[in-house]
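This report concerns only the one structure given below.
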Amino acid sequence: MAIEQASAAAIEAAGQHIRGGRLVAFPTETVYGLGADATNAHAVAGIYAAKGRPSFNPLIVHVAGIAEAGRIAEMPLTARRLAERFWPGPLTLVLARRPESGIADLVTAGLDSVAVRVPDSVVAQALLRAAGRPIAAPSANLSGRLSPTLAEDVAGDLGDRVALILDGGPTRHGLESTIVAVAGEDVTLLRPGAVTAEAIEAVTGRPLTRSLDASDKPSSPGQLESHYAPHARIRLGASDVRAGEALLAFGPNVPETRGPLVNLSPSGDLVEAAANLFSGLRALDASGAATIAVMSIPAHGLGEAINDRLRRAAAPRG
Ligand code: TXA
Ligand code: MG
């Protein structure tokens, strides 16, 4: 079993795993996270594979401090004031992503926004320093299971899927971070959590916008309408390329085309395909093609999440 007490040596080893593109589970003050280098799309694809998530929810990027957050995301005044009051701590800010952030498109599921937080746990802070990278981390549970508050919980769900589980004992809050989206002075509550709405309102001096009423609340904020949709039409299950189409290919047998082409994985590897999905869609969309033809992608493993995302991209827009 890959559980290790979070000693200085174990944290150093964990930092090397992160830099090497491997997964590390680590304690934060809220719940245990399943971490990967947020700048490495392939490593991030490994998170989805390990969790068995049937869709690509955008992930929270963990950084050591406000300065690091400011390199990844725009920090307007309201965001800065919330960060100064609550960081390090269980508040996640959804902010505009800086173009030169270096964060993999798969982390944000192609969105132009990015969720950032500075965890308040000695082990998480030490890991961030040891890794020297921003760390993308969802809660370290299998999809559909409860968020883990003990290293043993993580081991039960993901033990054989991570390089290392850092054991820092039970997490302090046992409840996920509060997530708010900040746009100018407007702050929208996306997920209630360890920081209360009242505490946030005391800083901003104005009421929080509630994103949705309970009736049409989606299962997670990542499924909100804000999901990246390409301008181009999407034609799924393509086995040929028509005039004016770009091609999003998969595997070794690619139909002939003179148009823009991205192959998600020439060898037919679904983890590689997931790593390239959002950047590939973006690149073909930017080519100006009216339609992106997409080859069939197998439905197993990460193929389920890839196909889910492609179906959403192909759905008629209202
Ligand atoms: O306390 C926590 O936040 C824990 C620890 C590990 O930090 N992490 C956590 O991650 O709960 P996760 O993946 O289980 O939940 C993250 C939530 C998802 O519901 C996702 O949809 C939302 O954050 N999210 C991430 N980026 C977003 C974005 N750009 N816009 C809207 N929602 C976003
Ligand atoms: Mg979760």
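Here Thr188 meets each of (1) touching a Ser or Thr at 6+ places or on another chain (Cβ under 6 Å); (2) more than 11 Å from ligand 1 (Cβ to nearest atom); (3) in a strand (DSSP E or B) with one exception, condition (2). Among the residues making up segment 143-179, a single one is closer than 23 Å to His17 by Cα, within 10 Å of ligand 2 (Cβ to nearest atom) and either modelled with pLDDT of 95 or more or not small (Gly, Ala, Ser) (or both): Pro148.
What are the residues in segment 266-277 that are buried (at least 20 other Cβ atoms within 10 Å of the Cβ) and either assigned to a loop (DSSP other than H, G, I, E, B) or out of contact with any Gly (no Cβ under 7 Å at 6 or more places or on another chain) (or both), if any? Passing the criteria: Ala273, Ala274, Ala275, Asn276, Leu277. The condition (being free of Cβ contacts under 8 Å to residues at least 12 places away in the same chain and surrounded by fewer than 21 Cβ atoms within 10 Å (Cβ to Cβ)) is satisfied by just one residue among Ala49, Ala9, Ala2: Ala9.
For segment 81-95, a residue qualifies if it is more than 16 Å from ligand 2 (Cβ to nearest atom), buried (at least 16 other Cβ atoms within 10 Å of the Cβ) and not in a strand (DSSP E or B), and the qualifying residues are Leu82, Ala83, Phe86, Trp87, Pro88, Gly89.
For segment 55-75, the tally of residues that are surrounded by fewer than 23 Cβ atoms within 10 Å (Cβ to Cβ), modelled with pLDDT under 95 and over 15 Å from Leu190 (Cβ atoms) stands at 1.
Residues in segment 99-123 that are within 16 Å of ligand 2 (Cβ to nearest atom) and of a type in the set (A, V, I, L, M, F, W, C): Val107, Ala109, Ala115. Does segment 300-317 include one or more residues that are modelled with pLDDT of 95 or more, part of a loop (DSSP other than H, G, I, E, B) and at positive phi? Looking through segment 300-317, none of the residues is modelled with pLDDT of 95 or more, part of a loop (DSSP other than H, G, I, E, B) and at positive phi.
The values are calculated or read from the model by the stated rules, or taken from the named source; none is laboratory data. Since this is a predicted model, take the numbers as computed values, not measurements. In this analysis, Cβ positions are derived from the backbone assuming ideal geometry, glycine residues included, and neighbour counts consider all displayed protein chains.
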